[in-house]
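Peer 1: Next up is a structure, given as structure tokens.
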């Protein structure tokens, strides 16, 4: 069994590569996290008030440092999504195993942050197809959940095409806050 925190695998298809995020991704990812149209679709639930809107190289570098620190302490994995066409990191995927006292327990929680020009159902499907199948084994879970707000119509279309169903259940944050708009794949 592969331990994702000892050896982070990469995945690729003809369009994209998913690989561990790297400090060298700073400038590419700054284009993602400074993209105001994109930021509104990012899932910042349970993230201590961080909205993932980064507008300086320094702040982006700090975020990447934090993601690498979380990986080292086995908190979550953050993959860079690299476009084979442009050779740029056009976003990230975060995944972790969640155990909780709510419906979203034994769950692989997936956060997808992509530049707004890639927020297209067909592109999202190509990206998520890389990680969905291996996520169950890598994160020892029986379901995968990801957030998609009502305005994220392309994302919702992609999730439905991949078999995700909108959940009526609320995700309960570590501070007791309730979060909605989750889609689940079992």
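Read-outs: derived from the displayed coordinates by stated rules, not from any lab. Owing to the predicted nature of the structure, the values given are computational and were not obtained by experimental measurement. All Cβ positions, even for glycine, are placed from backbone atoms using ideal geometry, and neighbour counts span all protein chains on display.
Peer 1: Taking the beta-carbon count within 10 Å as an exposure proxy, list 42, 96 from fewest neighbours to most.
Peer 2: Values: 42 25, 96 19.
So the ranking, lowest neighbour count to highest, is 96, 42.
Peer 1: Tell me the label-point distance for the pair residue 105, residue 22, using the 7 Å Cα-to-Cβ offset, in nm and rounded to one decimal.
Peer 2: In this crude label model, residue 105 to residue 22 measures out at 4.0 nm.
Peer 1: Determine the shape class of segment 138-186: with a ≥ b ≥ c the square roots of the Cα gyration tensor eigenvalues, call it rounded for a/c under 1.5, and otherwise prolate if a/b is greater than b/c, oblate otherwise.
Peer 2: Working: a/c = 2.36, a/b = 1.19, b/c = 1.97.
It comes out oblate by the Cα gyration axes.
Peer 1: Among 69, 79, rank each residue by its count of other Cβ atoms within 10 Å, from fewest to most, as a rough exposure measure.
Peer 2: So the residues, fewest neighbours to most, are 69, 79.
Peer 1: With a ≥ b ≥ c taken as the square roots of the eigenvalues of the C-alpha gyration tensor of segment 118-157, please select rounded if a/c is under 1.5 and otherwise prolate if a/b is larger than b/c or oblate if it is not? Don't skip to the answer; put the middle values down first.
Peer 2: Numbers: a/c = 3.99, a/b = 1.70, b/c = 2.34.
Because a/c hits 1.5 or more and a/b fails to exceed b/c, segment 118-157 counts as oblate.
Peer 1: Along Cα→Cβ, 7 Å out, is where each label goes; now give me the distance between the ones at residue 70 and residue 11 in nm to one decimal.
Peer 2: 1.8 nm
Peer 1: For the pair residue 186/residue 168, report the inter-label distance in nm, with labels modelled 7 Å from Cα in the Cβ direction.
Peer 2: 1.4 nm
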